[in-house]
1. List the helices (runs of 4 or more DSSP H) that sit entirely inside the stretch 296-362 and contain at least 3 residues that are free of Cβ contacts under 8 Å to residues at least 40 places away in the same chain and of a type outside the set (Lys, Arg).
2. Here are the criteria: (1) over 20 Å from residue 261 (Cβ atoms); (2) out of contact with any helix residue (DSSP H, G or I) (no Cβ under 8 Å at 6 or more places or on another chain); (3) in the same structural domain as residue 273 (by TED's automatic domain parsing). Tell me which single one residue 366 does not satisfy.
3. Just one of (1) closer than 20 Å to residue 295 by Cα; (2) in contact with an Asp or Glu (Cβ under 7 Å, 6 or more places away or on another chain) trips up residue 160, so point out which.
4. In the list 159, 173, which residue meets the criterion of being β-branched (Val, Ile, Thr), at pLDDT 95 or above and either more than 24 Å from residue 363 (Cα to Cα) or in contact with a His (Cβ under 6 Å, 6 or more places away or on another chain) (or both)?
5. Do you know which residues across the stretch 9-31 are among the basic types (Lys, Arg) and modelled with pLDDT of 80 or more?
6. Determine, yes or no, whether residue 307 is under 14 Å from residue 158 (Cα atoms) and of a type outside the set (Asp, Glu).
7. Looking at the structure I just gave you, is residue 287 closer than 15 Å to residue 392 by Cα, free of Cβ contacts under 8 Å to residues at least 60 places away in the same chain, surrounded by fewer than 20 Cβ atoms within 10 Å (Cβ to Cβ) and not aliphatic (A, V, I, L, M)?
8. Tell me, please, whether a residue that is free of Cβ contacts under 8 Å to residues at least 40 places away in the same chain, farther than 14 Å from residue 195 by Cα and more than 19 Å from the chain's Cα centre (by Cα) can be found in the stretch 229-251.
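The values are calculated or read from the model by the stated rules, or taken from the named source; none is laboratory data. None of these values were measured; they are calculated from a predicted model. Every residue, glycine as well, gets a Cβ built from its backbone with ideal geometry; the counts of neighbours run over all protein chains shown.
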Amino acid sequence: MLPPGGRISGVRLVRLLGSWRKNGARQGSADLAAAIRLLVADGRLPVGTRLPSERELTDVLPVSRTTITTALDQLRDEGLVASRRGAGSWINGPVGGGGGILGGDDTLIDLTRCAPPAHPGLAQAMAAALTQMPQHLVSHGYHERGLPQLRQAIADRYTARGLPTSADQVVVTSGAQHAWALALRLFAGPGDRVLVEQPTYPNALEAVRAASAVPVPVPMTDDGWEVDAYEAALRQAGPRLAYLIPDFQNPTGSLLSSAGREALAAVLRKAHTPVVVDETLVELSLTDEPMPLPMAAFGGDLVVTLGSASKSHWGGLRVGWIRASAEIVHRLVSTRAAIDLGTPVFEQLVLSELLKDAEPVLRQRRLEFAAQRDVAVEALAQHCPQWSFKVPSGGLGLWCTLDAPMSTRIAVVAQNHGLRLVPGPRWAVHGGCEQMLRVPYTQSSEVLREAIGRLGVVATSVAGTGFLADAELAVPVA
């Protein structure tokens, strides 16, 4: 029986493969197989996807049919691709020896997510929320804006940070990604340009493309945000919207200063361009230095702020929010019904409990993340001394500059050492960042040391020989 899944055309597969050839004509089949593995590991070729025929691939790829056949045979031997006469070929399972990378392999270390496990106080908050559920069960349970008590708690935290906020300026969402999708729906349509940092959060870029809008990158510099570059991009591209992560930017970890916020907000106001500010990581400052005021304190009603409990408390809560002017909140709620009818009540009650006395928990989390960051810094210095990076003052990851443009190759080979990584080009609008790699430090210190030790082995092998030989790639992770 064939698995469910759509078919990908040869032209689209070629577009996804990009510059897949790394080692010249002699290694063409190995390079092609490795590139397809990466697309599966990245989720861009989901399990069940029907592949183009070998004849179609021969027409669109500048290689011989023998090369294509050899690559597919290798992937069939690994179990990644399955075929049946008369039915073609399809993606059969996850990448890795014995199906390890997405399956039940206990040796897998996933470094694709800057997402920590839940803190111990979450279970207690859930128990307290459960006692409040009976009073909500007699109602319809739909709250398009969110529970009043949670909206007030979120508003109070903004006010405490120096940005006076009322509950009617807050909408509760199912995570920050959902909040971003709502904002995109309100502000941008097909063909509209959306200004983004480069590099930036890959899922934010995917949301822009899903809205049929066009992401316009503005490069980050070593010092962060260059106001003149934004002024030029606003003038030349005429975007309908901008998306920024000024608080421990993902993936660079940069923090926009108060002076930078004021200058950038002035440029955006002059262009009358609304800006969506993603504050997902704002609670994770790892120093005692005071944080700048929120961007909305400088940009006024042009700023729509996204927040989330995913990084500070737990991603499994799936609770986020939007902070905006009352007028924008009204417009957001009016259009929300086309996407969903509200965020689950129980999760909102849990977060309400967590925010009653949030600082002790957040203080402990920050200490843990600071210690794990220092472990990652030490391990990278030991195992990848040829790489460079800035130690961020907050956030959950290190943005590393490699000694050669080999990020994608490292991500491919790392799968066979029990590591899952996001290659640098995923953070860019049109590719690039091949000399960059994000290393999260959300795992325990013991796991981080093991992961970065493996990463050092991978980096050495890739730098020395390109992709590992096929026999080495097939070795199961033990």
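1. By residue number, 326-336.
2. For residue 366, the exception is condition (3).
3. Status for residue 160: all satisfied but (2).
4. Step by step, each of 159, 173 is checked, and only 173 is β-branched (Val, Ile, Thr), at pLDDT 95 or above and either more than 24 Å from residue 363 (Cα to Cα) or in contact with a His (Cβ under 6 Å, 6 or more places away or on another chain) (or both).
5. 12, 15
6. yes
7. no
8. No - not one qualifying residue is present in the stretch 229-251.
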